[in-house]
1. Any idea how many residues of the range 34-57 are of a type in the set (A, V, I, L, M) and in contact with a Leu (Cβ under 6 Å, 6 or more places away or on another chain)?
2. How many residues are of a type outside the set (Asp, Glu) and modelled with pLDDT under 90 when one looks only at the range 150-174?
3. Is it the case that the range 255-270 has a residue that's within 27 Å of residue 30 (Cβ to Cβ) and among the aromatic types (Phe, Trp, Tyr)?
4. It is to be established whether one or more residues within the range 388-398 are assigned to a loop (DSSP other than H, G, I, E, B), modelled with pLDDT of 90 or more and in contact with a strand residue (DSSP E or B) (Cβ under 9 Å, 6 or more places away or on another chain).
5. Can you tell me which of (1) part of a loop (DSSP other than H, G, I, E, B); (2) buried (at least 21 other Cβ atoms within 10 Å of the Cβ) is the one residue 437 doesn't meet?
6. In this structure, does residue 1 turn out to be without any contact (Cβ under 8 Å) to a residue 60 or more places away in the chain and either of a type outside the set (Lys, Arg) or closer than 30 Å to residue 448 by Cα (or both)?
7. Could you list, ordered by first residue, the pairs with Cβ atoms under 6 Å in which the first is in the range 534-551 and surrounded by 15 or more Cβ atoms within 10 Å (Cβ to Cβ) and the second is in a helix (DSSP H, G or I), at least 6 apart or interchain?
8. Taking residue 445 and the conditions (1) over 17 Å from the mean Cα position of the chain (by Cα); (2) under 21 Å from residue 334 (Cα atoms); (3) of a type in the set (Ser, Thr, Tyr), which numbered condition does it fall short on, given that it satisfies the others?
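The values are calculated or read from the model by the stated rules, or taken from the named source; none is laboratory data. The shown structure was predicted, so the numbers you read here are calculated from the model rather than taken from an experiment. When we count neighbours, we look across all protein chains shown, and the Cβ atoms used for this are built from the backbone with ideal geometry, even at glycine.
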Amino acid sequence: MTLTINELSVSYHGHAAVDRVSLEIGEREVVALVGESGCGKTSLARALLGLLPPGAQVSGSALLGDDDLARRTDWAGVRGRRVAIVPQGAMTGLSPVHKVRRQLEEMLALHGGTAAPADLLDRVGLKTEHLGCYPHEMSGGQRQRVAIALALAGEPDLLVADEPTTGLDAIIQRQVLTLLSSLGIGLLVVSHDLAAIAPYADRVAVMYAGRLAEVRQKGAPARHPYTLGLLTATPATDREVPWGSVPGAAPALGQAPDGCRFAPRCPRALEICRSEQPPLVDGLACHNPGEGAYPLVPRATVPCGETAARLTGIRHVYERRGVEALKGVDLEVCTGEIVGLVGESGSGKSTLARITLGLIKPTAGRVVIGGEELTARKGRALRRIQQRVGFVHQDPYDSLHPGMRVGALVGEPLVLAKAGDRERRVLSALEAAGLPCDTEFLRRYPGQLSGGQRQRVSIARALVNDPVLLIADESTSMLDVSTRAGIATTLRALATERGLAVVFVTHDLGEAVQSCDRIVVLRGGEVVEQGATADLAREPAHPYTRELLNL
């Protein structure tokens, strides 16, 4: 059944988050809605499901057959049956205390579905034995498949998938997107990753600051400078293809400029762009379409220095689960060097990072940081060495206390270490992380920052104790592609200017190829390949590395 969205607007406190958007999703058609955080894509998706917060104002229409979803107030028999959602984080949509069978049976009873739980799992590529699993006993990809099965329980006409692959490794992303595109129902996929989603969509709609910038058919070339900027900001596994960044940030709600909303960031902006808003004609809203020059992410310009961290023969067994997570891993990182630690979920990347931080004592092996052995230390001596290792968390939305201001967040490690000269060191760390140092910014709360700014605050917090080693654990996986390049530029500046050794943990080999000096590939707890980035990207020796490069 076709969904026809006509002049749909969503406003909060009088400010339009979605501004007169018209879009059609045909029966069995896959449409991708792509854009940066804050562009309005999630508000549009929630308007189709009646999930907008109280006080949101909706105008226009969204007709699913003869049913106007934008005007509906009673969702009984509609949400879950006619239109269903696959939420962004698989764990947020699953009950942690109930087994998969129980959750599927509940959804079938709620929406009157006729399929058997085992049949739903079979449809999403899972086995019958998964019915007896709790969500925490399954991988991220398996949990996402369960979330899709729950959404299919009511046999809906339209499925809305909100960032269905965020946080998943590249191989699992491809599997989930392949599954979604093969379901044979109308599908709206909301994503910030244009390059990843485009091959699976019949049409791609690119959204910026509440309006559609471009709508194009599968295989058609991109024309809007913003679309081309998003593609430039997507790191390629070919090192000869440059990685660029879209400078600046999208306007905050209610602060859209006159004229084209992308004009302040556009390398092709004309005078007319700053005064007249371009209409969407033949799928394009642009006065001067075409490719523009975006700043590139820099690479190493000086050789690395002495060894900052050395891990030797690291082996770790999780006794309760009987899992050998690491099987004799060696790793060395030098000052001024960025080493990419790459592998799929479960490869041992995070376990190795935790051991390096001294959060886990390995079953066997040694960790030496700045000439001091960490694995042999306890208590105060251990904490002193730990202060020489900075850590940037994966999720910038969960890693910062929402009730603390920026200045207090960055300075907290100094308080814990009872260090002096705190004000100067906080300002120095903020400057190194590419953030403002004025009083107004220092007094902001995390909720007043963008995702990229939050992650830079995390970087500043990791730098404030002047570490010799920085571990960035999937530090860009939750961010827009345009923001990722900016974070990578900051990490390069820290390595070059401060001589900082950086371990960049990621499941995105393209990002590692573009931003790292060396790459170490982990699989099943073992190093299957490592070497200089240019050599490894050009001639990978291991089949697994070749698979990652070809995704």
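1. 2
2. Total satisfying the criteria: 10.
3. yes
4. The answer is yes; a qualifying residue exists.
5. Of everything listed in (1) part of a loop (DSSP other than H, G, I, E, B); (2) buried (at least 21 other Cβ atoms within 10 Å of the Cβ), residue 437 misses just condition (2).
6. Against the criterion (without any contact (Cβ under 8 Å) to a residue 60 or more places away in the chain and either of a type outside the set (Lys, Arg) or closer than 30 Å to residue 448 by Cα (or both)), residue 1 does not qualify.
7. 537/513; 540/546; 540/549; 548/509
8. With (1) over 17 Å from the mean Cα position of the chain (by Cα); (2) under 21 Å from residue 334 (Cα atoms); (3) of a type in the set (Ser, Thr, Tyr) applied to residue 445, the lone miss is (2).
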